[in-house]
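Undergrad: Let me give you the structure first, and then I'll get to my questions.
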Amino acid sequence: MSLQELQQTWDLIIVGGGITGAGILREATRMNLRVLLVEQRDFAWGTSSRSSKLVHGGLRYLKQGKFLLTKIAVEEREHLLKDAPGLVESLEFLLPVYADQKPGKRTLAVGLSIYDLMARERQHRFYDATEFNKHLPFINQNGLTGGFLYLDAQVDDSRLVLRLIDESVSSGARALNYTSVTEILRSADGEVVGVQLNDTETHETKTLQTPAVINATGCWSEILHPSPEPHRHLRPLRGSHLVFPSEVLPISKGIGFNHPQDKRWVFIVPWEGAVLVGTTDLDHKEDLSIEPTITDAEISYLMKGLQAIFPSLHISLADCLAAFAGVRPVLSEGKQTPSAESREHVVWVNKGLITVTGGKLTTFRRLALDALKAAQPFLPSAKLPDRRDPVFSEVPDKPERAYGLSKQTWRRLYGRYGEGANTLVQTADPKDLNIIPGTHTLWAELPFAAKYEQVRHLDDLLLRRVRIGLLTPYGGKAYLKRIRNLCKDKLSWDRRRWKEEKARYLDIWIHAHALPDQRAKFLVQKKNIFLAVIRIFFSYIYQKIRSRKST
Ligand SMILES: Cc1cc2nc3c(=O)[nH]c(=O)nc-3n(C[C@H](O)[C@H](O)[C@H](O)COP(=O)(O)OP(=O)(O)OC[C@H]3O[C@@H](n4cnc5c(N)ncnc54)[C@H](O)[C@@H]3O)c2cc1C
């Protein structure tokens, strides 16, 4: 859609299409506001597709004495488990306890009991070393005294963002990707009166009118709205993960352990058919417009942790499928260690410009309602939604016709696509209702997303609509031909465009998700293709010269 087709006047414009912006869009739609969301890259392109995918209270925050933050997050987790089955699912975690460990068994037991109290349910238990071993036979035995089992939850982060956006758009909101706000427009007395938009690819521009703008741009927030608190600024903190196939790391529960190097908690989590290992927590000094990448030091840190906790599995980097890195929008209180900084959010208000930043994926609804509350004086009068109302519209437990799919698969599809799951299955070729190897994704999800979910580029489709770019070897390179056949009617790209999209996707994958070895192999392949082209060119010239000489 061209920017020129957009209506001129809005009640509210939201800048940023991560979880914070998407959550605000959903709640603003419930308030019957004329609301538009714009995202400069793709929806969830920022931090919200690069998290650890946990919907959790955060045991770590209890240790820091952040009881309120943990309580709010536990409450939100419980709501989301009810509201978004198939998208947010509970997951058991194991915490091994070693003889010399700090925090030790007693402190962990207290923390987990508080966690249970907050969830109003006893969810943890302790196993002695023999019992614990039955759950985790590969665990390092040296000094193991037992371990805890407790409950948390996990999510597909970018699908959470997309479901919020999809449902909002179905209820009348507008959301545009690849569109940035380049300027907040103000009247002579400083009140917000509109924004200047730019399509980041066609460079088309448009000015829109609105009395209220919510800046939900995460790490980028201070570009549009410098902090009004002289001693509190955004401190971008990078966290990275490695992705392994489940055959290499055969676990069915999440595992948290103290990293031997710095005693930070690191998690190993089964996710979407693969296993994630992370995360790190470091100052991110690079330009935020460049996609963040894992560094060699982070790779070595995560591998050291993995090898220490599972020495008998002999896992090497060659087993790894991919990596991803994200940048936390953390409000610094001047702590030296990144992990000691608070994960709470802030809301700043400046004459119709409301900024909400910090926080966590889990607490997105609190951020949304706090931001809308601050925006109320600038909005048409409307009641704030109740935070206990379901965030998504209800979908049936199972469909009228099963189409040969299990109840579990329907649950997953409803969780990710809401009502759209029915169309996805009904319009699919039955052979595409099978799973892409190594993942939980159906082939049929690709053409559905390509048709209905504002896919502009192949990377939108493979890294955020579905996640096979992270879950299959070499970003799913071997599947690209089948993906093209599946999606070519939906994306109306000609041969040349497909070629360009494939090259763009592989470049992004090599830069942001490949490990050093994989990168080297790709470059060798590229070099070989280049040499082959040169060889063909020179042999063609040679043949021409020869045929001219002989005539
Ligand atoms: C490694 C890591 C692990 C994490 N794990 C968890 C976890 O397990 N659980 C949890 O609850 N939280 C977790 N978090 C925190 C959580 O991911 C973030 O708090 C959350 O994703 C931030 O969302 P956001 O929408 O505020 O920012 P983002 O997702 O970054 O969205 C901001 C968007 O604004 C866009 N934008 C910027 N400027 C403009 C502009 N001028 N115009 C238009 N668009 C613009 C950007 O492109 C970006 O997409 C983790 C974070 C990291 C880094």
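We did not get these values from a lab; they are worked out from the coordinates using the rules stated. Keep in mind it's a predicted model, so treat the numbers as computed, not measured. Note that we place each Cβ from the backbone using ideal geometry, even for glycine, and neighbour counts take in every protein chain shown.
Undergrad: For region 439-504 and region 169-205, what is the separation of their C-alpha centers, rounded to whole Å?
TA: 28
Undergrad: Continuing with this model, one more query. Under unit Cβ charges (Lys, Arg +1; Asp, Glu -1), what dipole magnitude, rounded to 20 debye, does the chain have relative to its Cα centre?
TA: Values: 76 positive and 62 negative charges, 335 e Å.
Dipole size: approximately 1600 debye.
Undergrad: In region 456-551, what trypsin sites (Lys or Arg not before Pro) fall in a loop by DSSP, with at most 16 other Cβ atoms inside 10 Å? The partial results should precede the final answer.
TA: Details: sites: R456, R464, R465, R467, K477, K481, R482, R484, K488, K490, R495, R496, R497, K499, K502, R504, R519, K521, K526, K527, R535, K544, R546, R548, K549; in loops: R456, R467.
Here the trypsin sites (Lys or Arg not before Pro) that fit, given the DSSP loop and packing criteria, are R456.
Undergrad: For region 291-377, restrict the atom set to alpha-carbon positions and state the Rg and Dmax in Å.
TA: Considering region 291-377 through its Cα atoms, Rg and Dmax are 19.0, 61 Å.
Undergrad: Using the Kirkwood radius built from alpha carbon pairs, what does the Stokes-Einstein equation give as D for region 339-399 at 4 °C and 1.567 mPa s, in µm² per second? Mind showing how you got there, number by number?
TA: Numbers: Rh = 13.8 Å.
Estimated diffusion coefficient is 94 µm²/s.
Undergrad: On to the next question. How high is the relative contact order of region 147-208? Use alpha-carbon pairs under 8 Å, at least six apart in sequence, and give a whole percent.
TA: Numbers: 55 pairs, mean separation 12.4, N = 62.
Relative contact order for region 147-208 comes out at 20 percent.
Undergrad: A further question on this structure: Exceeding 27 Å between C-alpha atoms, which entries from my cross-link table qualify? They are K134/K477; K360/K398; K53/K477; K360/K502; K263/K521; K490/K521. Don't skip to the answer; put the middle values down first.
TA: On the way: K134/K477 38 Å; K360/K398 31 Å; K53/K477 24 Å; K360/K502 33 Å; K263/K521 35 Å; K490/K521 32 Å.
Violating the 27 Å Cα-Cα cut-off are K134/K477; K360/K398; K360/K502; K263/K521; K490/K521.
Undergrad: What value does region 380-447 have for Rg/Rh, both radii from Cα atoms and Rh as Kirkwood defines it? Please report the intermediate quantities before stating the final value.
TA: Values: Rg = 15.4 Å, Rh = 13.6 Å.
Rg/Rh: 1.13.
Undergrad: Give me the tail of P(r) for region 1-141 as a percent: Cα-Cα pairs with distance above 26 Å.
TA: Every Cα pair in region 1-141 considered, those over 26 Å come to 46 percent.
Undergrad: Put a dot 7 Å past each Cα toward the Cβ at N434 and T107; how far apart are the dots in nm?
TA: In this crude label model, T107 to N434 measures out at 5.2 nm.
Undergrad: Oh, and also: Quote the charge dipole size of region 427-512 about the Cα centre in Debye, to the nearest 20; the model charges only the Cβ of Lys and Arg (+1) and of Asp and Glu (-1). Mind showing how you got there, number by number?
TA: Values: 18 positive and 11 negative charges, 57 e Å.
That gives region 427-512 a dipole magnitude of about 280 debye.
Undergrad: With N residues in region 427-512, what two-decimal value do you get for its Cα radius of gyration over 2.2 N^0.38 Å?
TA: Working it through for region 427-512, the quotient is 1.00.
Undergrad: Next question, about the same structure. Name the residue farthest towards the positive end of the dipole of region 427-512 from the options H440, L470, N485, assuming +1 on Cβ of Lys and Arg, -1 on Cβ of Asp and Glu, about the Cα centre.
TA: Going by the Cα projections, it comes out as N485.
Undergrad: How big is D for region 106-193, in µm² s⁻¹ as a whole number, if Stokes-Einstein is applied with the Kirkwood radius of its Cα pairs at 10 °C and 1.306 mPa s? Please list the in-between numbers first.
TA: Numbers: Rh = 18.6 Å.
In µm²/s, the coefficient is 85.
Undergrad: Mind listing the Cα extents of the chain along all three principal axes, in Å, largest one first?
TA: 93, 67, 55
Undergrad: Mind running the shape call on region 128-176? Use the C-alpha gyration tensor, a ≥ b ≥ c as the square roots of the eigenvalues: rounded below 1.5 for a/c, prolate if a/b tops b/c, oblate otherwise.
TA: Numbers: a/c = 6.49, a/b = 4.74, b/c = 1.37.
Since a/c reaches 1.5 and a/b is larger than b/c, the shape of region 128-176 is classed as prolate.
Undergrad: Could you give the nm distance between label points at D262 and H231, where each point is 7 Å from its Cα heading toward the beta carbon?
TA: 2.5
Undergrad: Counting pairs of Cα atoms in region 393-551, how many percent are more than 27 Å apart?
TA: Values: 4953 of 12561 pairs.
Value for region 393-551 (Cα pairs over 27 Å): 39 percent.
Undergrad: Give the long-range amide H neighbours of T179: residues separated by 5 or more places, or on another chain, with amide H under 5 Å away, using H modelled in the peptide plane at 1.01 Å from N.
TA: E39, Q40, R41, T200
Undergrad: I'd like the chymotrypsin sites (Phe, Trp or Tyr not before Pro) in region 62-155 restricted to DSSP loop residues with at most 16 other Cβ atoms within 10 Å, sorted by number. Walk me through the numbers on the way to the answer.
TA: On the way: sites: F67, F93, Y98, Y115, F126, Y127, F132, F138, F148, Y150; in loops: F138.
In loop regions of region 62-155 (DSSP not H, G, I, E or B), the sparsely surrounded chymotrypsin sites (Phe, Trp or Tyr not before Pro) are F138.
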